[in-house]
Structure formats: structure tokens, C-alpha cells
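Please treat every number below as a calculation from the coordinates, not as lab data. Because the structure is a prediction, the values reported are computed rather than measured. Quick reminder, even Gly has a Cβ in these numbers, built from the backbone with ideal geometry, and neighbours come from all protein chains shown.
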Amino acid sequence: MKNLLLVILSVLFAGLVSAQNSFGHMTFMGIPIDGSLDDFTVKMEQKGFAHLGTMDGNASFKGEFAGYKDCIIGVVTFRSTGVVFYVAVAFPPGDKWSKIYGSYSFLKEMLTKKYGEPSNSREVVDGEHLSDKDKNRKYDVILDKCIYESVWETDKGGIELKIIKKWLGSCVVLNYSDKINSAKVAEAALDDL
């Protein structure tokens, strides 16, 4: 009976330690942005993402995210430790501005529902605020004439949504950074300086 009690307590303690370790980290699709790239890769594949490859401690995946098909997800590790600290999602580039801006607006609305109002949001063209009637914004993004970005700061990390130029077009990108592991990266960078 005593051995059975010890086994039960050990299992409960191990589960508690595991929960505490992931409790303080930002998550991506329920996966803590922490741990090894191999572990993160297995979890991404379990969620149905195709692993496109790994190079220099970073991995890329392709799959459906937030209802959008053919998204490319990049997972970044801190090279010296191999610990995951950053995840980026590139949504498929749109051929029309209405599609690109529509995706940005929809995702911003959903993120605001989940995380509250952004801590910072800029939607400007050459210093002027945007209107819904702008038809050439796709090209303004390519020419670096406008900024569409919103940032949410949480106790576990940061989330950044923005429209970026991509080759001869533009697309929406969503970035997640883990606060704990990003601080370790910054600390190591200070050691380099």
C-alpha cells in the first residue's frame, strides 16, 4: 500500500512540475513555445502540419491555421541552447488588397477578442491615417509607404500582427514570442556585446 501511495504521489508531482514548466510560457495552438525543436516538431505534426524542413536550428511547416489554408509556420530556436522561443505564421499572399486587408482585419478582431485591445496599433500611410477606400495599398506596402501592425503584450510574451511586403506582393504575418525564452536570448546577446 505504501509503494502504491508513493507511485501515485510521484506521478502527481511529475505532472505538477510539467504543468508549472509550461504554465509560464506563451503557447502556439496550445503548444508551449519552449523546449527542444524536435519536441515542438512532433507536436506540430500531431496537429496536422507538414514539416517542410529544418535548417540552422529553425524549422518550417505548412498547413491550416486559424481557418487559412497553406500557411507557412516558422519556428525559431536559440542556437546555443536549442530552445524554441519564437513562432511566425505567414498567411498566403493575396492578389487583391481587399483580401490582404480583410485577413489582417479579421485576425486583429479575433486577437482582440482573445487578448484584449492591442498595446500598440499603427495603420498609417506616409503619416496619414488610412481609409477603407484605399485601392493601391498593396503597392504602398511593397514601396514601404504604409504600416499596418498591431501588438499585444501579455504576461507570457508578445504577439505581433502585420502586413509585410513579400517579393512583388504583400501578405499578413503573425508572430508569437515567448517572454521567458526571449529574455534568455537577449541576455546571451548582451554577453556578446
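I'm checking my understanding of the structure. Among residues of region 142-157 that are assigned to a strand (DSSP E or B) and out of contact with any Phe, Trp or Tyr (no Cβ under 7 Å at 6 or more places or on another chain), which one is farthest from residue 110 (Cα to Cα)?
Of everything passing the filter in region 142-157, 146 is farthest from residue 110 (Cα to Cα).
Which strands (runs of 3 or more DSSP E) does region 54-108 wholly contain that include 2 or more residues that are more than 17 Å from residue 33 (Cβ to Cβ)?
58-65, 68-78
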